[in-house]
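We did not get these values from a lab; they are worked out from the coordinates using the rules stated. Nothing here was measured: the structure is a model prediction, and the numbers come from that model. Backbone-built Cβ (ideal geometry, glycine too); neighbour counts: all protein chains shown.
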């Protein structure tokens with residue numbers, strides 16, 4: 001695969017962009033925009049019916065947390081797609097994998113083959129669609145808690161909800177993010193688990209110098225980025241009498257949002273004080289009550305790798321309450337709004353402090369801004 | 001050297017005593033180094049019924065010891081590094097471990113719209129990941145990109161191979177236009193109201209966007225999302241600076257005969273359908289056996305369409321809703337999108353997008369997203385541009401921003417309160433042990 005010609009490196013200024021049309025199998029190209037109906041075959045297989053009478057079948061497969069795959073495993077999956085599918089797979093928004101094929105028999109065969117490799121099939125309808133995870137300790141510099149390991153543990157406990165062995169009232173999406181940046185699904189997923197510092201950052205006395213100017217004079221012309229990014233003005237960078245620069249973080253002002261950590265690595269925190277917050281009821285779909293952000297119902301839980309029992313227990317409690325009380329097709333956010341978020345917190349039994357005292361919200365976002373309600 | 005002596009992690013594996021890693025550390029466990037504790041944690045993470053990412057990492061040359069140590073210390077082991085490849089100004093991320101022993105370089109690569117990958121495309125990606133990298137990919141990353149880990153000394157050649165052999169490129173990191181994302185739309189879905197895949201391709205190749213793919217000129221990132229219907233599978237409403245969501249104006253298409261048939265076969269319960277409509281726009285006329293939708297009340301929740309498709313379909317006057325300013329990561333916290341206009345095609349949005357990008361470069365403070373700019377300067381920064389660039393298009397009434405604080409500084413007492421509650425919950429679900 002080595003290149004015989006050496007391309008001019010300056011060409012790299014113009015990015016090469018892949019074409020989707022080259023990736024699509026013939027049957028999809030023929031029926032592009034002509035689908036008229038769908039049918040479900042069990043929890044993870046969906047049949048798309050075209051007006052031309054053609055049919056394709058999608059098989060949805062769960063991936064390891066953070067959709068990390070070794071090339072060795074990926075090759076095995078591609079072999080399955082070549083043998084039984086239409087030589088195409090699709091990575092979904094929610095970190096799952098979809099195989100596409102042209103008959104139910106082949107779809108069932110794909111299901112059998114991926115299950116042999118240990119991959120579950122499911123995640124449609126009233127089920128757990130996915131647990132999205134950011135990379136956290138695998139590569140990330142700002143992660144507070146490790147998301148992939150939490151995701152792994154959650155998946156291990158919640159697998160029956162994915163495969164459809166245990167039914168849920170509606171679709172459930174969970175996101176696990178290592179820090180308040182919320183790279184995994186954002187705050188608009190049904191259950192959002194977010195790592196957070198729970199404390200004001202402490203500048204690393206030795207290395208913070210890399211994030212602030214060396215001379216106090218420089219402060220006259222520009223505010224250093226580390227202070228400018230703070231939304232509450234809790235970070236003060238000041239000139240010292242000797243002409244050097246000092247930095248202070250005001251514990252009382254700090255909201256532990258982690259914006260400063262995004263621009264400077266040398267801010268420390270106490271690993272014994274970190275935890276996760278759990279937001280409930282977010283979604284972006286216009287169904288039900290429409291797009292909405294989650295409520296912070298549990299402001300802090302301890303993280304104890306590798307079992308994360310506290311997080312698992314809290315998530316299971318949330319799901320149990322929803323499962324036993326929601327109407328069919330009612331998503332978690334719609335259910336919480338129907339009974340009231342205070343009532344939900346009461347059912348959950350979580351202590352109420354200044355961190356999870358709620359004000360009722362009016363949800364009129366997304367497309368609803370175009371269509372006024374009478 | 002790190003503060004723990006590096007040992008062969010497998011040397012403890014033969015030990016018959018399994019040491020549980022709990023918050024109450026046993027005297028024995030305390031003697032173990034962070035690395036050893038971490039490696040035991042990884043063993044635990046490989047045991048469950050769900051496919052394990054740790055097992056996948058072990059099949060590659062990923063420095064798993066670094067990760068294990070971080071896990072045991074509850075502290076991310078990575079610091080940002082700097083790494084340059086000639087003429088590449090976005091898409092390459094470099095990390096170095098805190099002890100300075102390892103580097104981790106990864107590429108974000110552009111993906112075909114809708115993330116349909118032919119197996120031949122992915123086999124080429126595998127070639128690159130194996131020859132130039134550690135054999136690890138992140139197949140369905142949340143950014144929209146496909147991530148490949150590479151070796152630092154081979155990164156330069158890997159860029160050329162990606163460009164000339166695979167037919168994609170590195171990109172979409174930093175303060176630039178990040179990887180766009182479209183739902184499968186007309187390729188697989190009957191609900192798609194416009195061609196999301198072509199729209200994404202069109203905008204990614206449009207000079208206004210394309211010229212920014214390899215620079216870092218913006219205050220922060222810009223994201224585009226394309227959803228074919230109001231169900232918004234790409235999460236444009238909550239995560240995109242520019243969201244294009246398919247919708248329609250005017251009446252639904254109702255096939256009363258087909259609907260009656262669905263009622264007779266019991267597939268649809270018309271009373272329940274009317275009851276479950278979020279805006280109570282539906283009435284079922286029992287005498288005439290007819291379904292009526294009050295279009296003035298409809299909020300496009302897709303509730304009836306999903307339950308009774310194709311008897312009830314979206315109307316024929318299809319529109320693309322343009323919304324701006326949603327994001328998660330930002331100065332003033334997460335925001336949901338604000339309505340701008342209902343368009344007939346994505347092409348119409350381009351002058352608007354160009355002007356908003358210019359305004360963002362002019363007014364946006366460092367690390368502020370477009371939503372932050374709106375928050376600070378008012379929605380008029382957007383509506384003024386919209387008035388000039390999108391004449392006579394139906395407008396929306398933008399909602400207000402909801403303040404949500406994600407993190408918080410907790411006192412020790414509060415922490416104790418929640419810890420105690422968590423303990424009781426653990427007891428309930430896992431028993432005393």
Handout entry: Using alpha-carbon coordinates, inclination of helix B:34-45 to the longest axis of chain B, degrees
Key = 50 degrees
Completion exercise
For the residue B:31, residue A:204 Cβ pair and Förster radius 41 Å, calculated FRET efficiency rounded to 0.05 is 0.90
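Let me have the 222 nm mean residue ellipticity of chain A computed from DSSP H runs of 4+ only, each contributing -39500 (n - 2.57), with the sum over all residues rounded to the nearest 500.
Values: 10 runs with 95 residues, N = 374.
Here the helix-only value at 222 nm equals -7500 deg cm²/dmol.
Counting only DSSP beta bridges with both residues in chain A, tell me the antiparallel percent, nearest 5. Can you show the working numbers first?
On the way: 40 of 49 bridges.
Among the beta bridges of chain A, antiparallel pairing accounts for roughly 80 percent.
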Fill in the blank from the handout: Protection proxy (average C-beta count within 10 Å per residue), highest first, orders B:387-400, B:198-211, B:126-139 as B:126-139, B:198-211, B:387-400
Handout entry: Percent of beta bridges antiparallel (DSSP, region A:50-191, rounded to nearest 5)
Key = 60 percent
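Å³ per residue of the Cα convex hull, for region A:1-142?
Values: hull volume 25.6 nm³, N = 142.
Considering the Cα atoms of region A:1-142, their hull volume per residue is 180 Å³.
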Completion exercise
Whole-Å distance linking the alpha carbon centroid of region B:325-371 with that of region B:221-293 is 28 Å
Exercise for the section: Would you mind checking the tilt of helix B:196-205 against the longest principal axis of the Cα atoms of chain B, expressed as 0 to 90 degrees and rounded to 10? Expected result: 70 degrees
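For the protein assembly as shown, what is the percent of antiparallel DSSP beta bridges, rounded to the nearest 5? Write down the numbers at each step before the final one.
Details: 85 of 101 bridges.
Given both bridge residues lie in the protein assembly as shown, the antiparallel proportion sits at roughly 85 percent.
If I take all pairs of Cα atoms in region B:80-166, what percentage of them are more than 17 Å from each other?
Numbers: 1718 of 3741 pairs.
Percentage above 17 Å: 46.
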Practice task
Would you calculate a helix-derived [θ] at 222 nm for chain B, using -39,500 (n - 2.57) for each DSSP H run of n ≥ 4 and dividing by the full residue count, to the nearest 500?
Solution key: -9500 deg cm²/dmol
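Please report the projected area of chain B's Cα convex hull averaged over all directions, in nm². Mind dumping the intermediate values first?
Details: hull surface 111.9 nm².
Here the figure is 28.0 nm², rounded to one decimal.
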Handout entry: Rg to Rh, two decimals, where region A:202-268 supplies the alpha carbon set and Rh follows Kirkwood
Key = 0.93
Problem - Fraction in percent of alpha-carbon pairs per bin - 10 Å, the protein assembly as shown - result: 2, 13, 24, 28, 21, 9, 3, 0, 0
Handout entry: Ordering of A:258-264, B:153-159 by burial proxy (mean other Cβ atoms within 10 Å per residue, highest first)
Key = A:258-264, B:153-159
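When only C-alpha pairs under 8 Å and at least 6 residues apart count, what is the relative contact order of region A:202-268, in percent?
Relative contact order comes out at 39 percent.
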Practice task
Sort A:141, B:168 so that the residue with the fewest other Cβ atoms within 10 Å of its own Cβ comes first and the one with the most comes last.
Solution key: A:141, B:168
Completion exercise
Note: region B:292-433 at 20 °C, 1.002 mPa s; Kirkwood Rh on alpha carbon pairs; Stokes-Einstein D in µm²/s works out to 112 µm²/s
Problem - C-alpha long axis of helix A:71-84 to longest principal axis of chain A, angle in ° - result: 30 degrees
Completion exercise
Between the modelled labels at residue B:411 and residue A:327 (7 Å from Cα along Cα→Cβ) the distance in nm is 4.3 nm
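Write down Rg/Rh for region A:120-255, rounded to two decimals, with Rg from the C-alpha atoms and Rh from the Kirkwood relation over Cα pairs. Please report the intermediate quantities before stating the final value.
Details: Rg = 21.1 Å, Rh = 17.7 Å.
Result for region A:120-255 is an Rg/Rh of 1.19.
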Problem - Sorted peptide list for A:6-17, A:194-205, criterion being average Cβ within 10 angstrom, highest first - result: A:194-205, A:6-17
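When B:301, B:80 are ordered from fewest to most other Cβ atoms inside 10 Å of their Cβ, what list results? Intermediate values should be presented prior to the final figure.
Working: B:301 24, B:80 15.
Arranged by neighbour count, lowest to highest, B:301, B:80 become B:80, B:301.
Quick check on the exposure proxy: order B:191, A:40 from fewest to most C-beta atoms within 10 angstrom. Walk me through the numbers on the way to the answer.
Working: B:191 22, A:40 11.
The most exposed by this proxy come first: A:40, B:191.
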Problem - C-alpha center-to-center spacing [region A:303-323, region A:132-174] in angstrom - result: 11 Å
Practice task
Partner chain Cβ atoms within 10 Å, averaged over the residues of B:410-416 - can you pull that number for me?
Solution key: 5
Problem - Sorted largest first, extent of region A:236-322 alpha carbons per principal axis (Å) - result: 61, 35, 22
Completion exercise
Distance in Å, no decimals, from the C-alpha centre of region A:65-106 to the one of region A:188-245 is 45 Å
Completion exercise
For region B:253-313 the translational diffusion coefficient, Stokes-Einstein from a Kirkwood Rh over Cα pairs at 4 °C and viscosity 1.567 mPa s, in µm²/s, is roughly 114 µm²/s
Exercise for the section: Normalise the Debye intensity by I(0) for region A:1-50, one equal point scatterer per Cα, no solvent, then take log10 at q = 0.17, 0.26 Å⁻¹ and round to two decimals. Expected result: -0.73, -1.07
Practice task
At 7 Å along the Cα-to-beta-carbon direction for both residue A:339 and residue A:13, put a label point, then send me their distance in nm to one decimal.
Solution key: 6.1 nm
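When only Cα pairs under 8 Å and 6 or more residues apart are kept, what is the percent relative contact order across region B:228-364?
On the way: 220 pairs, mean separation 43.1, N = 137.
Averaging sequence separation for qualifying contacts and normalising by length gives 31 percent for region B:228-364.
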Practice task
Let me know the mean shielding of B:118-127 by other chains, meaning the per-residue number of their Cβ atoms within 10 Å of its Cβ.
Solution key: 6
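Averaging over every viewing direction, what projected area does the convex hull of the Cα atoms of chain A cover, in nm²? Show your work: numbers first, answer last.
Details: hull surface 103.7 nm².
Convex hull of Cα atoms, orientation-averaged projection: 25.9 nm².
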Handout entry: Over chain B, relative contact order from alpha-carbon pairs under 8 Å, at least 6 apart, %
Key = 10 percent
Completion exercise
Distance in nm between residue B:366 and residue B:297 label points, each 7 Å along Cα→Cβ, equals 5.4 nm
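Based on the Kirkwood radius over alpha-carbon pairs, what value in µm²/s does the Stokes-Einstein equation return for the translational diffusion coefficient of region B:215-278 at 25 °C and 0.890 mPa s?
Details: Rh = 15.3 Å.
It comes out at roughly 160 µm²/s.
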Exercise for the section: Within 10 Å of each Cβ in peptide A:314-320, how many partner chain Cβ atoms are there on average? Round it to a whole number, please. Expected result: 2
